[in-house]
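Notes for the one structure printed next.
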């Protein structure tokens, strides 16, 4: 496992999770040393099988050697997955201010300048990542739970696609780790039903209302058909993890119902599916009149 991503996005926390899962962990290894380290693990007496390595921008110019190093590791017959941790700029700025740390690329002292420079340098790495996790809205415990859930078991074969479904409210921002975004704001809104407004999308009465609409039934039929076609194409391309975002305005009603419906369909198709309702617990007073 190669753990990388934005400074302040949670790499140290994630590395501790991998330690607890029994991985041999190394922090801030220069990419140029990665092939030699991999060869050392192969020929060690203890036969180290699972390794998690944090490689990030702290390596300076050596970070640019990452893709070349990964190619050499592949030639040794080893598999290297990239886990990329991301977060919104404002969240990263706040974290740096709270910890009073200096950003490694903030030469002028402005944290935001360093974050933007780092994001540009990491674009190619993020594009090659096998999994991208947006930690913006996750607590430390939630981040630990998500990583442990994803990697606790022996990893599935590459041809088996794992799907994460994230439901969200557009008024709280789009999840930046989503590969696909589906907008369900066109569906009839339970928020305008006084008896349903305070209930979450996981409630049976809300589900009955949403799924009772002809628009919803047609949409979910088309969505399932689309998924049945699209997901095997991702598998054929070698992708082993896909994040699908389903959004309504407040993230409490329609997107939640549709997220659960999509998950149920994909599980029947044999995919490993995890669902996270990102904004389900947002205060209704904050969400206003637009769930």
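Quick notes on this structure:
- Residue in the stretch 207-223 that is touching a helix residue (DSSP H, G or I) at 6+ places or on another chain (Cβ under 9 Å) and within 30 Å of residue 151 (Cα to Cα) present: yes
- On inspection, residue 194 passes the criterion of being without any contact (Cβ under 8 Å) to a residue 24 or more places away in the chain, farther than 19 Å from residue 241 by Cα and not assigned by TED's automatic domain parsing to the domain that holds residue 89.
- For the stretch 4-19, the criterion of being within 19 Å of residue 74 (Cα to Cα) and touching a residue at least 40 places away in the same chain (Cβ under 8 Å) is satisfied by at least one residue.
- Test for residue 88: is it exposed (fewer than 13 other Cβ atoms within 10 Å of the Cβ) and closer than 27 Å to residue 241 by Cβ: no
- Matching residues, the stretch 42-64, being in a helix (DSSP H, G or I) and either at pLDDT 90 or above or closer than 22 Å to residue 12 by Cα (or both): 57, 58, 59, 60, 61, 62, 63, 64
- Within the option set 181, 176, 220, being touching a residue at least 40 places away in the same chain (Cβ under 8 Å), part of a loop (DSSP other than H, G, I, E, B) and in the same structural domain as residue 273 (by TED's automatic domain parsing) holds for one residue only, 176.
- Set 106, 74: member being farther than 24 Å from residue 148 by Cβ, at pLDDT 85 or above and more than 21 Å from the chain's Cα centre (by Cα): 74
- Of all residues in the stretch 236-263 being assigned to a loop (DSSP other than H, G, I, E, B) and at negative phi, the one that is surrounded by the fewest Cβ atoms within 10 Å (Cβ to Cβ): 239
The values are calculated or read from the model by the stated rules, or taken from the named source; none is laboratory data. Because the structure is a prediction, the values reported are computed rather than measured. Glycine gets a Cβ as well: all are built from the backbone with ideal geometry, and neighbour counts include every protein chain shown.
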